[in-house]
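Heads up, the thing below is written out as structure tokens.
The values are calculated or read from the model by the stated rules, or taken from the named source; none is laboratory data. Remember, it's a predicted structure, so these values are computed and weren't measured experimentally. Ideal geometry is used to build each Cβ from the backbone, glycine not excepted, and the neighbour counts take in all protein chains shown.
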Amino acid sequence: MEHFEAFLAAHLPVAASFHPHYENSLHQMLLGGGKRFRPALLLGVVRAYNPLLAQSAYHAALAIEMLHTYSLIHDDLPAMDNADLRRGMPTLHKTYDEVSAILAGDALNTYAFEVLSNAPFSDRVIVKLVRSLSYNGGVEGMVLGQAIDCYFENQRLELDQVKMLHIHKTGKLIAAALQMGAFIVGRDDLAQELYDFGIDLGLLFQIQDDILDITQDESQAGKTTKNDEAKNSFVTLLGYERAMEEANTLAEKVTRQMESFDENLQRELSPTLNHYINRHKD
């Protein structure tokens with residue numbers, strides 16, 4: 001992913017003004033590292049079917065990383081999780097102030113679609129990409145999941161409700177990354193299969209995060225941990241042992257799904273997925 005990192009660094013949002021830190025606030029969390037999980041999935045699908053489009057696909061990968069980063073900035077705000085640490089550094093509202101963090105998130109949200117609209121694809125493909133990212137990141141996707149998460153703090157949900165919460169909050173943007181990769185290479189026939197796989201993968205990813213929240217300290221996680229007691233996490237609902245069982249079951253399902261993919265797709269996705277599928281066991 002080093003080529004994508006270079007692309008990201010060369011395509012940071014620019015907004016020259018006399019504001020003392022506005023531009024820096026847009027860059028801080030983007031340059032702060034992170035897993036780049038969603039870009040890696042999108043680019044893996046593209047490389048599997050048309051490696052010549054990988055450079056062009058960096059625009060779409062950057063757009064989804066910007067939208068994801070905006071969600072983290074807002075998730076950390078005092079009104080939501082009130083977290084002090086993200087990606088190994090102070091959160092934006094701690095570095096600057098709450099207003100700066102809100103506006104940086106707003107800016108990255110909208111700039112993601114500006115980047116996508118300027119991607120070197122046909123208008124037909126761009127519309128599909130915008131539709132996928134906006135649907136899965138917005139009203140019926142990530143934002144709905146966050147709304148449920150915040151509203152039902154300190155209220156116990158049922159397991160199917162918790163799964164719905166996290167499918168929307170986490171799963172849909174991961175599913176969108178895979179779906180967008182399929183659209184870029186003209187494999188619309190695979191888009192739904194990859195999307196469904198991404199939903200399961202996103203749910204596994206969230207269960208693992210819930211487990212790691214109680215098993216890792218802040219230096220290991222790079223973010224505020226032990227912060228889920230009031231949340232409807234899988235661990236608070238099921239307990240550690242049952243959450244591990246749920247993660248193991250989903251990991252097996254995701255592995256079987258991956259093994260059903262063609263050789264090219266397995267080869268390109270395996271380096272990313274093998275690192276994550278069993279990370280709750282590390």
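Couple of notes before you dig in:
- Count of the stretch 168-185 residues which are touching a residue at least 60 places away in the same chain (Cβ under 8 Å) and not β-branched (Val, Ile, Thr): 7
- Residue that is nearest to Asp188 (Cα to Cα) [pool: residues in the stretch 118-140 that are assigned to a loop (DSSP other than H, G, I, E, B) and among the small types (Gly, Ala, Ser)]: Ser122
Yes or no, residue by residue, for (1) at pLDDT 95 or above; (2) aliphatic (A, V, I, L, M); (3) under 12 Å from the mean Cα position of the chain (by Cα):
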residue: Pro51; (1), (2), (3): yes, no, no
residue: Ala57; (1), (2), (3): yes, yes, no
residue: Ala63; (1), (2), (3): yes, yes, yes
residue: Thr69; (1), (2), (3): yes, no, yes
residue: His74; (1), (2), (3): yes, no, no
residue: Asn82; (1), (2), (3): no, no, no
residue: Met89; (1), (2), (3): no, yes, no
residue: Leu92; (1), (2), (3): yes, yes, no
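- If you go through the stretch 155-201 and keep only what is part of a helix (DSSP H, G or I), more than 19 Å from the chain's Cα centre (by Cα) and polar (S, T, N, Q), you end up with just Gln161.
- From the list Val115, Val143, the lone residue that is at pLDDT 95 or above, assigned to a helix (DSSP H, G or I), of a type in the set (Val, Ile, Thr) and out of contact with any Leu (no Cβ under 6 Å at 6 or more places or on another chain) is Val143.
- Of the listed requirements (1) small (Gly, Ala, Ser); (2) touching a helix residue (DSSP H, G or I) at 6+ places or on another chain (Cβ under 6 Å); (3) surrounded by fewer than 21 Cβ atoms within 10 Å (Cβ to Cβ), Ala60 misses just one: (3).
- Residue count for the stretch 146-188 under the criterion of being loosely packed, with under 14 Cβ neighbours inside 10 Å, at pLDDT 95 or above and among the basic types (Lys, Arg): the result is 0.
- Within the stretch 16-55, considering residues that are touching a residue at least 40 places away in the same chain (Cβ under 8 Å) and more than 28 Å from Ile277 (Cα to Cα), the one surrounded by the fewest Cβ atoms within 10 Å (Cβ to Cβ): His21
- Per-region count, the stretch 102-114, residues more than 17 Å from the chain's Cα centre (by Cα) and touching a residue at least 40 places away in the same chain (Cβ under 8 Å): 3
- Only listed residue being exposed (fewer than 13 other Cβ atoms within 10 Å of the Cβ), over 15 Å from the mean Cα position of the chain (by Cα) and of a type in the set (Val, Ile, Thr), chosen from Val125, Val99: Val99
- Per this entry, Ala119 is counted among residues that are buried (at least 18 other Cβ atoms within 10 Å of the Cβ), within 14 Å of Ala57 (Cα to Cα) and of a type in the set (Gly, Ala, Ser).
- Leading residue by the ranking (surrounded by the fewest Cβ atoms within 10 Å (Cβ to Cβ)) among those in the stretch 79-93 that are in contact with an Asp or Glu (Cβ under 6 Å, 6 or more places away or on another chain) and not basic (Lys, Arg): Leu85
- Some residue of the stretch 243-266 being of a type in the set (Lys, Arg) and at pLDDT 95 or above: yes
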